[in-house]
Amino acid sequence: MRDRMKQFLRVFITVLAAAFIWQIVLDPGYSTAKASESAVTVSDIDYDELTMKVHKNGNTIVYFSSDGRKTWTEVEGETVSDANGGYIIMDISWVSPSSNVTVYFKGNKVATALEVVFPKANSAFKVTFDKVNIDFEFDGNDDYTSFMWRKESDYNWMTVPFDTSSAGYKNFLKKINDLRYKGCKVVFICDQVIGTDAEHMGHRATKEVKISIPKLANAPSLKVNVKNLTINTKANMEYYNESTKQWVACTKNMEVAEIAPSVIYSSSKIGDTVKIKFRFAATEKKACSKTTVLTIPGQGKAPDFGDAGHVKVSLNEDKLMLTFTKASATTPIEYCVVKAGESFDPSKAKWSRVKKANKQVKLTSKKVPDKSTVYIRFAGVSANEKKNIELSIPSYYAPYIINWPKTTSESGGKT
Amino acid sequence: MESRKIFKLFFNLLAIAGIFVLLTAFGKASAAEKVSVEEINYEQSYIKVRLGTGDSALQISDSKQKKWDTVSVEPEDGVVTMDISWITVAKDYVLALRGDVNTTAVTVTLPMQNKSLKVTYSPTKGLTFTGQGTGTLQWKKKDSIKWKDYPTASGGFDQNIVGMITKGATLVFRTAPINGNGNNVGQRASKEATVTIKAKSAAPAITVDGSKLSISLKKDMQYRYCDADGNTASNAVWETIEKDEVKALSSIAAQALCQNGGTTAGTDIYIQFRKKATEKTQISAVTTVKIPAQQPLTETAKNSISLSYTSSSTAALTVPVATDKVPYEYCVVTDDDIEQGITIDSLKDLKWETVSSSKAVTLDKSKVPDGSLIYVRKKAIGKSGEDDFALSSPTVGLNKIKYPKELSTLDDELTWLSTIDGVCRPGNASEYLTFTTYTAIEKPISEIKFVKKNVPSSVSEKTVSSGASTFKSEVREVTDAERQKMTAEQQKEFKYVVTTTIMSLEDFDDLTSSETGREWYIYYKQGSESKNFVESTLEKGIAVYIHPKSVIKTLTDDEITYYESKKTSRLSGDHGDYLKVFTRIYKSNKIYTGNESDWKNSDPNVFSFVIDFGTKYLPEDNSTELTDNLREITKLVYDGVPFTPSDTNSAGEKYFSCIYDETVTTMGVHKRSAIISINTAAMEKNGQIKCDDTYKPLDVYLNGGETIKGEVNIKFERSAVVVSDNTSTTASPQSWTVTGKQGEETTTTTVDGVTTTVTTVNDEGRTIWLKIANPEMDITLDEVSFNGLDILKEISRDGAYFKVIISNNRLNKIIDQTHTKTANYIYFTFDNGFVLTDGYKLVINPST
């Protein structure tokens, strides 16, 4: 019985082995003697390079048809060898991007036709530019996470994520703003996706969207009115507050003291030279303009009364003589008279200017009643680019009370 | 150390330190003074400017440096990156830069772009660049967004071009920008230059000429061989055609043609064609042309083609296998062609005629002369390039053309057929003219032309086709006996005998009156396809001599006098008048008015006419001459009844007399005549002659086969006829029907109650009118009877009429005896023996 079993097993195993050998080794189905020939395939459909790889897969000649299989033309181009009989790099720049284009491929050995549909360029991608707020809105970009942009005049594409909170997007906005100096036309697309095969053709870069970034409007021209220490601001302007880092709306003809208080001489301290940025504020319809910087030198010390000072005062009978010993064209000195009891506002007072050294100004007692105060200050000089004259604001003032002498000889003195 | 030395050292050190300080101080000062250009980037169109110390903003101006503008770009780490895309590329641009604090201006000249770059493309030369200047060439496809370096290696771009010419492409070139800095401004990208790579032009249209077995090619075409799938051998090269030429298939696709002497089929050959690129035209697309394998003719087809001769100038070519769908064609190469160097191999010069059915094609000697070679082949079908296209097959040559000899007589002499005008007519078989010719072709004569030679005439030829009323021609093989009579050469040539019988020379009526109308040479055409007549000549062939006919003349008075003088014997009653139309009133042998001389001229029995014989003697059979046998009358025929010169009637009377006379004309021509006198009284007695009041012709039969018909007419007229009344002149048959007794009158007398009926008969019955043929005739009516019984009452003569009154009494007797319907004619018997037995019909219905 056992022997029989053994015999049976032996036979059984032999048969199995034979079957195995047949299947694996001898069966022509497994033979590698014949080269594999199969239908033509495609890959690497690159819409930037405008090429596509056409894999021969054992065919010696590959054909394509762009007229619905009526006529066939040989695919020609750089041929690259690989394990599958090589591929041809086919130029696809002739395939129109404005519609879906169907092209068929077949080989001379395996003539099964492969249908390849080149997608048209997506024209749904839209960009709208907010020229007031200098920002963008995108539409038709559901399939994309980033876009590419460049200046119209060069080919330098920059990739930017759609995520507006990202550093990349913020950087993009900065660059856009920088372009506002001269204005610039920019181009947006969403990039292609390279196709991998006939079923996954990827997609072209979207159609280009052109946006004009307008030039910044010119900055306002600002001057300091050296008489009343105001700046010719307008309500449609704004100035930059360095401490709050905010742009603050201007009012008409603001005082220097309001915008830049540190300019003003105070507590025996010369005022600070301050640079103030101004621009036209953005409206609903317009963006803000370029910025201009107005540099205001700090307010200086007042001139002196006295023989050694800038202005000598002498009272004669009913004449008051002011001698402006140190006045000059470049350092004019101003004076004004404030009657007793009147209030004195240096920005509103009527100052008279002396530009000549040693000029003498006579003032009558009528003009200068008793107890009036004579104020002097260095006059402000308006900036004059042409003559290279820089701005200087009027200095702090020095007062001198005029006490007309009665019959007794009292001389005035400084307060 | 000495104090002086120490002092010197100290001083030197101080100096050195001072210089050092000065230098560094200056350096520092200059470092802080002005802005500097760090980078000029043309690819990304920006300039990077480092501000001077203390500067917070960059200001720019142009070369004039009058107006300075603050750049609204925030510096980063002291560097302002400003866009330069707004700066014109069309010319050098001086950009002035300064800080808002360090206002010393620094200028940088941004160079204009190179505008000179040009690219052209020619299919033969490829891409040519000019105005490139310095800088790396870059390229991209028009719609691509990335630039690639243009390969510098020679031919490095060729594969790209190869891929682009399928559909054509537009390429853009430039030189790459070189970025600059403060020391070197670099250069911009050049102006872009666009060039179109032309697409392949259309493949040449190539047609294979299946008949000439050639392909027409043009200069600058190229070709190479491939298989049915378009695969080419690995070492296959494109052969260039140097000039326009027609290439024979034997040179460009010899394998396609039949092999082994044209017996085995060729192989399908595939050739690719394209046109070389020229300066202006792109290389063309490739077209593949199939030259289908040439198929040989099968043995069966070859053997079935036959060439036979249908006449001495025509041959029939038959291709039984030819059909509309499988047409064959033949061409003829004559001796002249061979002399000019044209043979069956000169395919381009040959002209082929199509044979598209098994119907025989006629070749005519005029186009296909003796010695011609005929070649047959299957015709090329279909259109080059289509599935049904097939080349013509190899040719098969037939035997050289040698037309058989013309129909001819065995001897080299002229054979005369002789006849008399009017005699050769359909139905007159004994007078048909027959001639025999010998031939190699089994076809009879189809057409005959009778031609007068050398005689100016308005009628010089007459053409006659075979037919029942013209001539017939039969062909058969020669018999041994006939062959014995031939020479050896003739025996070889002549296999058949053609016997032709001319049955009518009707067209030659009246032409023989003059000499010129008598000699006609016969031309004959053998076979209906033949175009040419075999001509008989003055020396050889067949001719017909037509002797003039005999005529019955209308005599002039002088002629009458002449003929009168010639009479040597007389018939009883003399010769009568010379008439062609004669009326004989039946049995009118009474002499009526006039004296003897008058009587002579109006003998009611006899009239005469004269026949001029066409020839004095009978003609010989096969010459134009006459025999020694005189022309004579053989018989006369009247109403189908023949009368010969010796015939007599029951009373022994001759019917006619005939006297011959000879004269010689002024021209010396012997003429012979016959004076015929007809005895109508004698004819009348011939029981076959009917007296029916109708002119009938008397036909005169002469020896030599002539008959003169219809010239003489005789009427036998009844002595009297029944007419309707005494005014009518035409016979008018009557009919009378009686029922019961005629003419009875019944009178009834009543005397005292007794009625007496008395019947009497009025004897005067019907009146019948008879008109007498010639009122001057002395003639009486003797008897009027019915069924042999006399019914006459009274006869009276009224001018040209007889008035006959029937006797009722006599009639009633007959009526009494008649118990069944009886019909018969009343007989009128005249004293001249004439009995009128038709004209009056009597029908007796019996009494009830």
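Quick rundown of the values:
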{"item": "Condition check for residue B:778: among the charged types (D, E, K, R) and not in a strand (DSSP E or B)", "result": "yes"}
{"item": "Every pair of residues 6+ apart whose Cβ atoms lie under 6 Å, when the first sits in segment B:130-146 and is in a strand (DSSP E or B) while the second is among the acidic types (Asp, Glu)", "result": "B:138/B:149"}
{"item": "Candidates A:283, A:273, filtered to the one that is more than 28 Å from the chain's Cα centre (by Cα) and closer than 30 Å to residue A:181 by Cβ", "result": "A:273"}
{"item": "Number of the condition not met by residue A:109 [criteria: (1) charged (D, E, K, R); (2) within 12 Å of chain B (Cβ to nearest Cβ); (3) within 44 Å of the chain's Cα centre (by Cα)]", "result": "(3)"}
{"item": "Meets criteria (surrounded by 15 or more Cβ atoms within 10 Å (Cβ to Cβ), part of a strand (DSSP E or B) and modelled with pLDDT of 90 or more) for residue B:295", "result": "no"}
{"item": "Selected residue (only one of B:420, B:381 is in contact with a His (Cβ under 7 Å, 6 or more places away or on another chain) and more than 16 Å from residue B:315 (Cβ to Cβ))", "result": "B:420"}
{"item": "Residue under evaluation residue A:120, criteria (1) surrounded by fewer than 19 Cβ atoms within 10 Å (Cβ to Cβ); (2) more than 41 Å from the chain's Cα centre (by Cα), criterion not met", "result": "(2)"}
{"item": "Identity of the residue in segment A:135-147, surrounded by fewer than 18 Cβ atoms within 10 Å (Cβ to Cβ) and within 18 Å of the chain's Cα centre (by Cα), that ends up nearest to the other protein chains (Cβ to nearest Cβ)", "result": "A:135"}
{"item": "Qualifying residue in segment B:84-95 (condition: modelled with pLDDT under 95, in the same structural domain as residue B:46 (by TED's automatic domain parsing) and touching a Cys at 6+ places or on another chain (Cβ under 6 Å))", "result": "yes"}
{"item": "Positions within segment B:194-223 being under 38 Å from the mean Cα position of the chain (by Cα), part of a loop (DSSP other than H, G, I, E, B) and of a type in the set (A, V, I, L, M, F, W, C), in sequence order", "result": "B:205, B:206, B:213"}
{"item": "Flag for residue B:739 being of a type outside the set (A, V, I, L, M), outside the structural domain of residue B:619 (by TED's automatic domain parsing) and farther than 24 Å from residue B:772 by Cα", "result": "yes"}
{"item": "Scan of segment A:73-83 for residues that are part of a loop (DSSP other than H, G, I, E, B) and more than 8 Å from every other protein chain (Cβ to nearest Cβ), ordered by number", "result": "A:81, A:82, A:83"}
{"item": "Residue satisfying all of: in segment B:138-188; at the interface with another protein chain (Cβ under 8 Å from one of its Cβ atoms), among the aliphatic types (A, V, I, L, M) and touching a Phe, Trp or Tyr at 6+ places or on another chain (Cβ under 8 Å); surrounded by the fewest Cβ atoms within 10 Å (Cβ to Cβ) among these", "result": "B:145"}
{"item": "Index of the failed condition, residue A:86 passing every other in (1) small (Gly, Ala, Ser); (2) within 8 Å of chain B (Cβ to nearest Cβ); (3) touching a Lys or Arg at 6+ places or on another chain (Cβ under 9 Å)", "result": "(2)"}
{"item": "Of residues in segment A:242-298 being assigned to a helix (DSSP H, G or I) and under 13 Å from residue A:222 (Cβ atoms), the one farthest from the other protein chains (Cβ to nearest Cβ)", "result": "A:256"}
{"item": "Segments classed as strands (runs of 3 or more DSSP E), wholly inside segment B:64-114, with at least 1 members that are within 27 Å of residue A:385 (Cα to Cα) and within 11 Å of chain A (Cβ to nearest Cβ)", "result": "B:79-83"}
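Condition check ((1) touching a Leu at 6+ places or on another chain (Cβ under 7 Å); (2) under 30 Å from residue B:263 (Cα atoms)) across all residues:
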{"site": "B:364", "(1), (2)": "no, no"}
{"site": "B:370", "(1), (2)": "no, yes"}
{"site": "B:383", "(1), (2)": "no, yes"}
{"site": "B:403", "(1), (2)": "no, no"}
{"site": "B:417", "(1), (2)": "yes, no"}
{"site": "B:441", "(1), (2)": "no, no"}
{"site": "B:460", "(1), (2)": "no, no"}
{"site": "B:469", "(1), (2)": "no, no"}
{"site": "B:476", "(1), (2)": "no, no"}
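The values are calculated or read from the model by the stated rules, or taken from the named source; none is laboratory data. Since this is a predicted model, take the numbers as computed values, not measurements. Quick reminder, even Gly has a Cβ in these numbers, built from the backbone with ideal geometry, and neighbours come from all protein chains shown.
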